[in-house]
There are 2 protein chains.
Amino acid sequence: MSDTNSSSPLRIAIAGLGTVGAGVIRLLGTNRDLIAARAGREIEVVAVSARDRTLDRGVDISGYAWEDDMTALAEREDVDVLVELVGGSDGPALAASRSALKAGKGLVTANKAMIAHHGLDLAELAETANVPLKFEAAVAGGIPVVKGLREGTSANALTNVYGILNGTCNYILSEMEETGADFAETLAEAQKLGYAEADPTFDIEGVDAAHKLAILAAIGFGARVDFAAVHTTGIVQVRAADIAQADALGFVIRLIAQADVEGDGDNARLLQRVRPCLVTKEHPLAPVDGPTNAVVAEGNFSGRLLFQGAGAGDGPTASAVVADLIDICRSEIGAPFSMPVGQLAALPPAEPGHRMERTYIRFTVNDRPGVLAEITAAMRDADVSIESLIQQGRANYGEEVLVAMVTHEGPERCVRKALDLLEGSDSLTGDPLVMPILPN
Amino acid sequence: MSDTNSSSPLRIAIAGLGTVGAGVIRLLGTNRDLIAARAGREIEVVAVSARDRTLDRGVDISGYAWEDDMTALAEREDVDVLVELVGGSDGPALAASRSALKAGKGLVTANKAMIAHHGLDLAELAETANVPLKFEAAVAGGIPVVKGLREGTSANALTNVYGILNGTCNYILSEMEETGADFAETLAEAQKLGYAEADPTFDIEGVDAAHKLAILAAIGFGARVDFAAVHTTGIVQVRAADIAQADALGFVIRLIAQADVEGDGDNARLLQRVRPCLVTKEHPLAPVDGPTNAVVAEGNFSGRLLFQGAGAGDGPTASAVVADLIDICRSEIGAPFSMPVGQLAALPPAEPGHRMERTYIRFTVNDRPGVLAEITAAMRDADVSIESLIQQGRANYGEEVLVAMVTHEGPERCVRKALDLLEGSDSLTGDPLVMPILPN
């Protein structure tokens with residue numbers, strides 16, 4: 001990359017002209033003067049690439065060179081930085097990204113899947129070429145939380161990083177809360193309104209949140225990205241009845257992505273989980289509703305910090321992409337994961353069985369004598385202490401009945417053991433839903 | 001400053017060893033390895049200065065050189081960066097800070113008063129000497145909101161920056177909310193608990209929040225710092241009855257520091273205000289209680305971002321100071337106000353009379369016939385439309401009575417005119433309290 005520090009324009013190429021790509025072009029136009037003043041130089045789009053050259057995207061791309069091939073785009077001599085907005089962990093996005101870095105170009109990307117899977121490789125390429133790699137937009141849209149962890153909390157040993165990282169799930173859960181509707185219905189509505197994709201699997205299964213969590217955990221804990229180790233449970237099993245039950249107990253349900261490190265030195269272990277949790281209404285994450293994202297970082301000196309804002313959308317995502325470009329213009333560039341890749345620790349995954357937590361467990365059961373006795377006996381045999389238990393009366397004879405309980409604080413393994421004891425019982429009509437209660 | 005970019009230690013001198021100074025020393029010790037890994041080099045305290053050399057601060061300072069004179073400290077040849085934690089807008093803090101920059105040292109400070117009054121001069125000195133000036137800890141303690149605005153939202157034209165910037169006031173207001181106690185009593189309790197200083201004037205009068213707001217406004221709006229133009233109203237006049245009244249209407253009361261720009265080009269005007277406001281319970285600032293701070297920044301692409309955390313305290317403040325030092329180690333240094341001082345606009349203060357807002361107005365009146373007629377006639381004559389009005393029955397004959405009202409949305413100048421009409425009326429037993437309702 002030439003002249004990063006000079007006052008000549010920073011020349012960028014944009015790969016991918018979906019809503020975010022168009023948003024970046026619109027943003028660079030609308031806020032042109034202000035960006036130049038803050039960046040100390042102009043940011044100039046020189047070339048673009050996308051699947052379809054002729055599509056009307058609401059922005060004029062006629063002034064930019066067009067490349068059919070993204071790798072050719074990435075390697076253009078007149079380009080300082082590739083802005084990769086194609087998406088997908090592999091394929092053309094990865095190929096173009098690698099090519100850009102190898103050709104000595106900087107890389108700015110919004111691609112969480114690619115960073116979760118290949119972020120370390122890309123960071124090493126960037127180190128070798130001594131060029132910037134930045135991915136603020138990959139996590140939590142417009143919220144500067146990559147920066148928040150990389151720089152804002154850099155003086156701290158973090159004890160805990162967690163938050164709401166998927167806007168689709170948060171929209172669905174808070175809508176279910178609001179309307180009393182069930183999951184499937186609310187998902188369909190969210191799809192109609194554009195809050196959920198046609199194929200929402202990655203969102204509702206928690207994979208998208210897991211991508212983002214793996215990135216935040218690496219930065220926050222100085223660990224090698226380990227997406228494969230994220231325990232991921234989505235929100236598909238959450239029913240209107242669970243939300244009503246949680247509400248009656250003083251909780252809301254949120255899909256929480258959470259990472260922490262236990263032990264230190266050679267015994268350090270990283271725990272990364274995405275799962276629906278019960279959150280007390282007093283917790284700062286409880287009022288976070290709709291497609292909003294929020295991240296809590298707890299540092300040993302900073303205490304609890306909260307970053308909140310729009311987790312997706314073309315405007316917020318473009319805001320994060322262009323903030324990265326401005327950082328590059330300002331030569332405020334450093335190790336993307338907060339320290340050089342070689343210094344990141346390869347932390348084995350923690351085994352959470354001994355972790356103490358309160359848990360909400362909901363069973364769907366056949367309404368017949370002895371079912372409650374069977375469940376409570378399993379709890380007793382597994383040393384799970386029940387704080388409260390509600391059996392919901394059935395509407396019609398023969399229908400399934402919900403049994404919900406909240407446990408006292410106890411080791412997670414006990415709950416798992418209880419569920420193992422009940423595994424295969426023909427009293428249960430489906431898999432039990434287990435949701436921990438997020439400590440306040 | 002020599003060798004900022006090398007792997008030799010960054011050598012710092014600390015001026016001021018109060019709780020924050022001791023906190024910085026403790027933090028640099030506790031998180032030493034982690035900081036070195038993230039910063040790419042060690043941060044080494046070489047010298048300190050404070051009023052009393054012998055005081056026990058709970059940290060060992062015997063390994064550091066001692067200077068009685070802070071300016072001598074600032075100019076030591078073996079120092080790269082002065083960390084100024086003395087406080088006060090002028091005096092030794094300013095003298096030492098100027099000396100450090102003139103001597104080619106970097107400056108990191110937590111001193112909001114100094115930055116609010118002399119930040120531009122200091123930034124110019126830093127530009128001339130080509131050394132870093134950083135002051136994350138000057139605003140909102142451990143929350144990286146200077147960074148959030150300087151870098152996180154850098155791609156955006158901000159439409160609005162506002163928040164809760166004074167922990168003492170927020171503690172008092174949320175305690176009053178919780179306990180029903182009145183201001184004086186709650187202040188005394190806060191002083192006992194260490195949430196308010198022995199002389200709380202700067203906090204409860206809103207001056208501290210105004211310092212911080214002037215800094216954020218400069219960064220957020222690319223404007224020259226203009227502390228003198230901040231309209232500042234404290235919380236001294238807020239009574240338990242106001243909080244109860246607000247609560248009944250669905251609001252909490254928070255001291256809100258708020259800045260925005262109206263108009264553009266030569267017509268751009270900056271409005272900066274600190275004043276107690278009614279905040280609907282659904283607003284993200286409503287649940288912010290105790291000594292917590294929170295800042296909202298609304299960008300034209302990012303949408304609304306919220307930064308929240310501990311606004312004061314030795315740990316959080318030290319966290320921000322050391323984050324600045326790590327940025328310096330990483331050579332991630334740029335214009336402290338987001339653009340060079342010469343490019344900051346000198347924005348004249350906006351005159352808010354035409355601004356539309358809903359307002360809570362509370363009168364204390366003599367309980368006698370005709371008082372309500374007098375007040376409502378003044379409202380009518382000033383074109384203020386009343387949405388609701390409550391007269392609180394007196395406890396005993398002859399005691400003052402509260403009359404509280406909420407207006408429909410209307411120009412601020414009308415409310416001011418109504419109060420002018422009532423000025424000097426012997427029906428009123430004190431100055432009316434006017435609190436705007438923060439839009440959601």
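Selection of the range B:342-371 for residues being within 12 Å of chain A (Cβ to nearest Cβ) and buried (at least 20 other Cβ atoms within 10 Å of the Cβ) yields only B:L344.
When the range B:312-340 is filtered for residues that are part of a loop (DSSP other than H, G, I, E, B) and open to solvent by less than 10 Å² (accessible area, probe 1.4 Å), the ones remaining, listed by number, are B:E332, B:F337, B:S338. Count of the range B:295-305 residues, restricted to those that are surrounded by 24 or more Cβ atoms within 10 Å (Cβ to Cβ) and either at the interface with chain A (Cβ under 8 Å from one of its Cβ atoms) or among the aromatic types (F, W, Y) (or both), is 4. Considered as a group, the residues in the range A:271-285 that are open to solvent by 10 Å² or more (accessible area, probe 1.4 Å) and away from chain B (no Cβ under 11 Å) include one that is farthest from the chain's Cα centre (by Cα), and that residue is A:T280. Among the residues making up the range B:331-376, those that are within 30 Å of B:L422 (Cα to Cα) and polar (S, T, N, Q) are B:T359, B:T364, B:N366, B:T376. Criterion applied to A:D68, A:D52, A:D33, A:D78 was being touching a residue at least 40 places away in the same chain (Cβ under 8 Å) and open to solvent by 20 Å² or more (accessible area, probe 1.4 Å), and the one residue passing it is A:D78. Scanning for something among the hydrophobic types (A, V, I, L, M, F, W, C) and within 12 Å of chain A (Cβ to nearest Cβ), does the range B:116-138 turn up at least one residue? The answer is yes, given that some residue of the range B:116-138 is among the hydrophobic types (A, V, I, L, M, F, W, C) and within 12 Å of chain A (Cβ to nearest Cβ). When each of B:A198, B:A157, B:A188, B:A181 is tested for being open to solvent by 10 Å² or more (accessible area, probe 1.4 Å) and within 14 Å of another protein chain (Cβ to nearest Cβ), the lone residue that passes is B:A157. Per the conditions (1) within 22 Å of the chain's Cα centre (by Cα); (2) within 8 Å of another protein chain (Cβ to nearest Cβ), the sole criterion not satisfied by B:V288 is (2). For the structure I just gave you, tell me whether B:E423 is of a type in the set (D, E) and in contact with a Lys or Arg (Cβ under 7 Å, 6 or more places away or on another chain). No: the conditions fail for B:E423. If you go through the range B:350-372 and keep only what is under 26 Å from B:V238 (Cβ atoms) and assigned to a helix (DSSP H, G or I), you end up with B:P352, B:G353, B:V371, B:L372. Quick one: is A:L347 in contact with a Leu (Cβ under 6 Å, 6 or more places away or on another chain), more than 17 Å from A:V415 (Cβ to Cβ) and either without any contact (Cβ under 8 Å) to a residue 24 or more places away in the chain or not in a strand (DSSP E or B) (or both)? Answer is yes for this residue.
The values are calculated or read from the model by the stated rules, or taken from the named source; none is laboratory data. This structure is a prediction, so every number in the text was calculated from the model and none was measured. Every residue, glycine among them, receives a Cβ derived from its backbone with ideal geometry; neighbour counts consider all protein chains shown. Heads up: the accessible areas ignore ligands, DNA and RNA and are worked out on the full protein's heavy atoms, side chains in. Shrake-Rupley method; radii C 1.70, N 1.55, O 1.52, S 1.80 Å.
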